[in-house]
Structure formats: C-alpha cells, structure tokens
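What follows is one structure encoded as structure tokens, with my remarks underneath.
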Amino acid sequence: MTSAIYQRIDGSVYRHIYIVGDLHGCLSLLEEKLAKVAFDPHRDLLLSVGDLADRGPDSVGCLKLMNEPCFSCVRGNHEQMAIDAVNEENIPRWLRNGGDWFYALQGEKQEEAKSLILQADKLPHVLELTTREAKLIVIAHADYISDDYVFGKLLDGYEIIWNRDRVNFALAGRYKPISGADEFYFGHTPVEPAMQFANQFYIDTGAVFGGYLTLRQLQ
C-alpha cells in the first residue's frame, strides 16, 4: 500500500482556473480548447485529473506540461504504470495499456521521456484547491476513496488512481455526496457526456477514443 500524497493550491493568486479531463497525448486538442478560452499562462492555472500520456499522438508533449508554472496535475494510473515500467516493474501491463510509444523512442528522446516519467513520481494523488470565493475543490484521478474528505487523510494511493467502485455505483443510480469539500473532480472512467453525481464530477470524455476533451472553468 502506498499512502496518498496531498497537495494544496491557493486559487486566489490566479485570474482563471480550468480543469481538463484525461489527455492521453492529445496535446493539440488541449491547445485548441485553451485558445478558445484565451488562456493566459501568466495569470491562469490549468489543472489535470491525470493520465497525461499513452495511446495518443504526443505523450512527451503532454508530459512536458508538468514543467509549466501554469499547470498542476494529479497522478493517474497511466503515470503509475509508466513509473513502474521504467523502474523495470510490470512492463507488460504498460505495453497492454498504451506504453509502446516509449519503447519506439531512441537515444536522447527516450532518455528525455524517461526523465519526465520519473518526474511524474512526485505528482500528488490528491489536489486541494481553494478558490477566490473560498470554495473547496478536491481533484483525484479515479476516486477519493472515503466518504469524508480530510486533507492528509491516510488512504491507499493505488486505490485513488485505479478504483471504479464509486462511479460504477453512481452510474447504476446509487450515489451520495462526499463530505468535507464542495466539489470533487475525477477522470479515469470515460463517460459521455461529462457527468455529475451529487458533488462529484467525472470529466474524462474519451478524447483519445474518438470522444472529446472536456475543459471546465473552476474560477
């Protein structure tokens, strides 16, 4: 069990804040969306629910977003699969799930990609955002696996990036709010369209599978 890593963001220092669904290498789709909202990297912040790489056309370009001051991201299961694989653990699992792009790279390009993947090992499992209006928003990749949110609460990081129980129950009509924060944003499970159940928002709309990319304004 890996304990979840938490990180806090003070939204009051930004003009606008947006959140985007699973990118999976679809950098050009993101750039189109950001252009439409006149995103300003000097004043605005872009948050991500994770799964930057794999399956799409520009995994390296999406991973490079981690180095942009206007970008913050939680760890997705695809980041974790990549981290494990470059550490020589469970390579076949990553290959089955879109990691083949990495092994097609050679020399310096592969070294650059490996460096970015190892950098992703510092990504938090949970981001807590306080907006200018004092709204508390929690972001995790697959689920916040408790019905009561507390910053720093000991939870299994693996379950936060993989577990689909809550969304599957919600899709079957069984859901309730998570206490302790105003809104929760998740990716991981493709939905059509983006869905809300109580105070939980699911915004992976399957961009890499021929769906579309969801970008939401939080502030």
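The values are calculated or read from the model by the stated rules, or taken from the named source; none is laboratory data. Nothing here was measured: the structure is a model prediction, and the numbers come from that model. Cβ sites come from the backbone with ideal geometry, for glycine too, and all protein chains shown count toward neighbours. Heavy atoms of the whole protein, side chains included, go into the accessibility calculation; ligands, DNA and RNA do not. Shrake-Rupley method; radii C 1.70, N 1.55, O 1.52, S 1.80 Å.
Observations
- The number of Lys pairs in the range 54-188 with C-alpha atoms less than 30 Å apart, excluding pairs fewer than 8 positions apart on the same chain, is 12.
- For q = 0.09, 0.12, 0.18 Å⁻¹, Debye-computed log10 I/I(0) when each Cα of the chain counts as one equal scatterer: -0.33, -0.59, -1.38
- With DNA, RNA and ligands ignored, accessible area of VAL150 (1.4 Å probe; Å², nearest 10): 70
- Solvent-accessible area of the chain (1.4 angstrom probe, protein heavy atoms only): carbon and sulfur portion equals 51 percent.
- Accessible area per residue, Å², the range 31-153 with all protein chains present, probe 1.4 Å: 46
- With a Förster radius of 22 Å applied to the beta-carbon distance between GLU89 and GLU112, the computed FRET efficiency rounds to 0.55.
- Using a Förster distance of 30 Å, the FRET efficiency for ASP40-ASP148 (Cβ separation, nearest 0.05): 0.25
- Surrounding net charge for SER59, when Lys and Arg each add one and Asp and Glu each subtract one, Cβ distance under 14 Å: -3
- Prolate/oblate/rounded call for the range 82-157, Cα gyration tensor, a/c under 1.5 rounded: prolate
- Other-chain or far-sequence residues with amide H under 5 Å of TYR149's (modelled H): SER179, GLY180, ALA181
- Separation between Cα centres of the range 1-46 and the range 146-219, rounded to whole Å: 16
- Neighbours of PHE39 by Cβ distance under 12 Å: Lys/Arg scored +1, Asp/Glu scored -1, total -1.
- Gain on full stretching of the segment that runs from GLU68 to TYR158 - 0.36 nm per residue minus C-alpha separation: 29.8 nm
- The range 55-69 and the range 111-132: distance between their alpha carbon centers, rounded to Å: 11
- The chain - share of DSSP beta bridges that are antiparallel (%, nearest 5): 40
- The charge dipole of the chain, taken about the Cα centre with unit charges on the Cβ atoms of Lys, Arg (+1) and Asp, Glu (-1), comes to about 440 debye, rounded to the nearest 20.
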